[in-house]
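Input: a single structure, listed below in structure tokens.
The values are calculated or read from the model by the stated rules, or taken from the named source; none is laboratory data. Computed from a predicted structure; not experimentally measured. Positions of Cβ are generated from backbone atoms using ideal geometry, with glycine treated the same way; all protein chains shown enter the neighbour counts.
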Amino acid sequence: MDPERLTLLQRRAKRFNRREATAGFLFISPWIVGFLVFTLGAMLYSLVISFTHYNLATGLVRPAGASNYANLLTDPDVALSLGNTLFYAVLAVPLEIVFALVLAMVLNRVGRGAGLFRTLFYLPKMTPAVATASVFLLLLNGNSGAINTALGFLGIQGPQWLIDPAWVKPSIVLMTLWGVSGTMVIFLAALKNVPKDLYEVAELDGAGPVRRFFSITVPMISPTIFFNVVVLTIAALQVFDQAYLLFWRDQGSSAPEASLFYGVYLFQEAFRTFNFGFAAAMAWLLFVIILLITLVQTRVAKRFVYYEAENS
């Protein structure tokens, strides 16, 4: 090809690429502005006020140095709420993973009417949190709740879900499992992408259902499992709605200590006592904890997560 013509084509290609890039940035500019102002900007602002005594009610701001962060180490409610939250996360995340995977496997086997069942299974996710909490307040009533009534028919004495400190966090976990259908849909998509040839070959080799599940299904969907574990862990460490709606919306200070989660205590410090500087420091402590846990999960996942593209 003529060198001059080639140079001309290259210049046109560069101009076209620049126009494409400009158009792309223009299309995503609303998101960029929203991220810079409402996410990154808010994070930087909270970092600044975490070093101040900022009373949200009066608007008074006084320098605090690192005293807010020092108070995190001495405030007993910080340790209590953080311990409750970590306990909840350890209890809730594995149950959510198992429950969502079981539901996804059931739906994956449904033939006729699969769309209807997927819709029915997903409906709880669409229920407003306040409505869900109202239902579970009735279900978990220790004296006349439907759950304890059903256990009574089986000859089992149901616990006081909303009063007994040992059962407070399990009751919140039950409410959390009600909305597990979002995770279920992700698992269902992963199961649909597992090659059926692998199951056929394994079955010909005499592998039973359990062996096929652990030798084929789990390795093939391990990236999805890892993704859901990370996302659910982050959500569990930020849990607020379930604990607040079940215990703190009406009971207030009389709510059991076992229901004082980190997000609830942060909310109280920010919008009840208006100690916004301390609340900002709490938020940054939670950010660091989530970051460290996620890094550990990522490091551990390298040993267990199978990526087909990397092994092909």
Worksheet item: On the given criteria, is Ile221 aliphatic (A, V, I, L, M) and touching a residue at least 12 places away in the same chain (Cβ under 8 Å)?
Response: yes
Worksheet item: If we scan the range 59-80, do we find a residue that is part of a strand (DSSP E or B) and either exposed (fewer than 12 other Cβ atoms within 10 Å of the Cβ) or assigned by TED's automatic domain parsing to the domain that holds Phe276 (or both)?
Response: yes
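Quick check on Thr127: is it loosely packed, with under 15 Cβ neighbours inside 10 Å, touching a residue at least 24 places away in the same chain (Cβ under 8 Å) and among the hydroxyl-bearing types (Ser, Thr, Tyr)? So that I can check it myself, show each step before the final result.
Working: loosely packed, with under 15 Cβ neighbours inside 10 Å: yes; touching a residue at least 24 places away in the same chain (Cβ under 8 Å): yes; among the hydroxyl-bearing types (Ser, Thr, Tyr): yes.
So Thr127 fits the description; yes.
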Discussion item. Being more than 23 Å from the chain's Cα centre (by Cα) and buried (at least 20 other Cβ atoms within 10 Å of the Cβ) is the requirement here; does Asn84 meet it?
Written reply: no
Response to the item:
Looking across the range 268-286 at residues that are free of Cβ contacts under 8 Å to residues at least 40 places away in the same chain and surrounded by fewer than 16 Cβ atoms within 10 Å (Cβ to Cβ), the single one that is farthest from the chain's Cα centre (by Cα) is Thr273
Worksheet entry | Qualifying residue in the range 103-116 (condition: in the same structural domain as Leu191 (by TED's automatic domain parsing), crowded, with 16+ Cβ neighbours inside 10 Å and within 18 Å of Trp167 (Cα to Cα)) | no
Discussion item. Ile293 - would you say it is modelled with pLDDT of 85 or more and out of contact with any Ser or Thr (no Cβ under 9 Å at 6 or more places or on another chain)?
Written reply: no
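Here's the yes/no breakdown for (1) β-branched (Val, Ile, Thr); (2) over 30 Å from Ile221 (Cα atoms):
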site	(1), (2)
Lys125	no, no
Leu154	no, yes
Ile172	yes, no
Thr183	yes, no
Ile186	yes, no
Gly208	no, no
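May I ask you to verify whether Ala92 is surrounded by 13 or more Cβ atoms within 10 Å (Cβ to Cβ) and in contact (Cβ under 8 Å) with a residue 24 or more places away in the chain?
Taking the combined requirement at face value, the residue satisfies it.
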Discussion item. Based on this model, can you work out whether Leu40 counts as surrounded by 10 or more Cβ atoms within 10 Å (Cβ to Cβ), assigned to a helix (DSSP H, G or I) and in contact (Cβ under 8 Å) with a residue 24 or more places away in the chain?
Written reply: no
